[in-house]
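No lab work stands behind these numbers, since they all come straight from the coordinates. On a predicted model such as this, the values are computed, not experimentally measured, just so you know. FYI the Cβ positions are ideal-geometry reconstructions off the backbone, even for glycines, and counts take in every protein chain you see.
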Amino acid sequence: MKKRVALITGSTSGIGAAIARRFAEAGISVALHSKTSVGAGEALAKALPGASYTRADLADEHDARRLISTVLATHGQLDILVNNAGISEVIPHGDLRAANAEIWQRLYAVNVIAPWVLIAEAERALRGAAERGASGCIINISSHAGVRPKGASIPYAASKAALNHMTKLLAVALAPQIRVNAVAPGLVDTPMTQSWQAARELWRSRAPLGRGAAPEEIADVACMLANSSYLTGEVILADGGLNLT
Ligand code: NAD
């Protein structure tokens with residue numbers, strides 16, 4: 001089978017960088033991306049065999065489309081799309097005025113609309129993966145906050161719930177050539193959560209596994225989904241069992 005190519009958005013730090021390293025270990029060529037950290041992206045691309053790096057602001061629809069065309073021009077194919085880039089806002093759920101319309105629009109632009117634009121733009125290439133021996137694969141990185149009434153803020157949680165529902169709708173619409181799944185992490189130790197002490201204490205005291213995840217543990221789940229030939233429409237909750245308590 002020809003070597004597969006994966007685009008991982010937001011892959012110069014945190015969960016995205018761990019997925020890129022894990023995929024590279026599994027023999028997949030990775031297309032790295034970020035909004036700003038060009039130096040980190042170029043350095044990681046040099047370190048991983050067959051990797052490339054592209055900068056793009058996914059809040060800008062044209063830039064999102066350009067990202068897909070650049071990856072296709074560089075690698076000639078696209079087999080796996082990981083919609084990992086995302087933004088969050090920490091707002092107490094009862095403070096409705098603080099969660100204003102600008103915040104809703106900003107979070108939806110990056111967490112919901114950008115994955116949609118990228119999937120639409122990549123659809124034809126992903127369908128082509130089936131001809132190379134494996135189904136095309138989309139993996140959306142959502143959140144446990146999109147599954148249960150939890151999370152950094154209501155706009156963030158609702159944006160991730162929308163991404164989870166989109167995952168299931170597209171799993172039906174794009175089958176059988178393209179499989180679509182999501183990973184819904186709980187707390188993960190990344191730059192996004194560095195100051196989230198209350199969440200760390202919650203996981204320590206309440207989650208059966210007694211801690212948040214390392215980015216590499218979420219990358220393992222993504223790699224399992226990439227290597228599956230039969231899973232589609234699943235939202236895999238990876239929260240160390242917090243939802244059980
Ligand atoms: P991170 O801040 O390290 O990574 C986020 C990435 O998104 C960055 O690379 C950034 O460049 C990119 N990004 C943000 N806005 C962008 C834009 N406008 N255009 C292009 N790229 C943009 O954070 P992380 O924790 O690794 O988060 C990765 C994903 O995992 C996010 O979707 C996040 O919501 C989700 N998630 C994280 C946690 C956690 O506890 N860390 C939990 C659940 C879900």
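In the range 1-45, which trypsin sites (Lys or Arg not before Pro) fall in coil by DSSP and have 15 or fewer other Cβ atoms within 10 Å?
Passing both the DSSP loop test and the Cβ count: K2, K3.
Counting each DSSP H run of 4 or more residues in the chain as -39500 (n - 2.57), what helix-only mean residue ellipticity at 222 nm follows after dividing by all residues, to the nearest 500 deg cm²/dmol?
Value at 222 nm, helices only, nearest 500: -13500 deg cm²/dmol.
Using amide H atoms built in the peptide plane, which far-off residues or other-chain residues are under 5 Å from I236 H to H?
Amide H neighbours of I236, under 5 Å, 5+ apart: A182, V183, A184.
Mind checking the full-extension length gain between T245 and T74? Use 0.36 nm per residue of separation minus the Cα-Cα distance, one decimal, nm.
56.9 nm
Checking the cross-link filter: which lysines have an alpha carbon closer than 30 Å to that of K46, excluding same-chain neighbours under 8 positions apart?
By straight Cα distance, K46 reaches K2, K3, K35.
For the range 109-123, in order, what is each residue's ³J(HN,Hα) by Karplus, 6.51 cos²θ - 1.76 cosθ + 1.60 with θ = phi - 60°, in whole Hz (x at glycine and Pro)?
In residue order, the calculated couplings are 4, 8, 8, 10, 6, 4, x, 4, 4, 5, 5, 4, 6, 8, 3 Hz.
Give me the Kirkwood hydrodynamic radius of the chain, using the inverse of the mean 1/r over all pairs of distinct Cα atoms, in Å to one decimal.
18.0
Give the residue list of GluC sites (Glu not before Pro) in the range 117-210 that are DSSP loop and have at most 11 other beta-carbon atoms within 10 angstrom.
none
Any lysines with Cα under 26 Å of the K168 Cα? List them, leaving off those in the same chain fewer than 8 positions away.
Once the sequence-local lysines are set aside, what remains near K168 is K150, K160.
Can you give the extra length, in nm with one decimal, that the chain gains between A173 and R97 once fully stretched, where that is 0.36 nm per residue apart less the Cα-Cα distance?
Separation in residues times 0.36 nm, less the Cα-Cα distance, equals 23.6 nm.
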